[in-house]
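To start, the structure itself, in structure tokens.
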Amino acid sequence: MTAEIETPVATGSCCSPAGGCQGDGATDVQVGAVTAVYKVSGMTCGHCEGAVSDEISEIEGVSSVKAVAATGEVTVVSAAPLDEEAVRAAVDEAGYELVGRA
């Protein structure tokens with residue numbers, strides 16, 4: 001006897017849940033935004049991620065921050081390119097070290 005297992009099939013695309021680039025207008029992409037990925041040492045947990053994210057979020061023009069302790073990477077979306085020294089100061093204020101761009 002053979003058991004059949006129904007495997008869910010992913011629908012849509014990276015553009016929208018509906019599967020196309022047009023749709024309801026909702027998107028995570030910000031037009032004119034700049035995304036930068038930084039390497040930060042010392043993060044080990046969710047609290048660390050939050051501390052780094054909170055400090056970087058205070059930099060003018062920053063619209064989102066995602067820190068991942070497991071990789072040490074922090075992705076920052078901003079209206080314009082950020083001054084690396086401002087990012088370094090924010091990471092330092094949180095108690096961690098900015099290694100540089102990832």
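Annotations for the structure displayed:
- Loop-located GluC sites (Glu not before Pro) across the stretch 27-102 with a Cβ neighbour count of 14 or fewer within 10 Å are GLU58, GLU60, with loop assigned by DSSP.
- Taking only protein heavy atoms and a 1.4 Å probe, the accessible area of the stretch 50-102 is 45% carbon and sulfur.
- Separation in nanometres of the label points that stand 7 Å from Cα toward Cβ, at CYS45 and ALA80: 3.9 nm
The values are calculated or read from the model by the stated rules, or taken from the named source; none is laboratory data. Here the structure is a predicted model, which is why all the values come from computation and not from measurement. Neighbour counts are summed over all protein chains in view; Cβ atoms, including those assigned to glycine, are modelled from backbone coordinates with ideal geometry. Heads up: the accessible areas ignore ligands, DNA and RNA and are worked out on the full protein's heavy atoms, side chains in. Shrake-Rupley method; radii C 1.70, N 1.55, O 1.52, S 1.80 Å.
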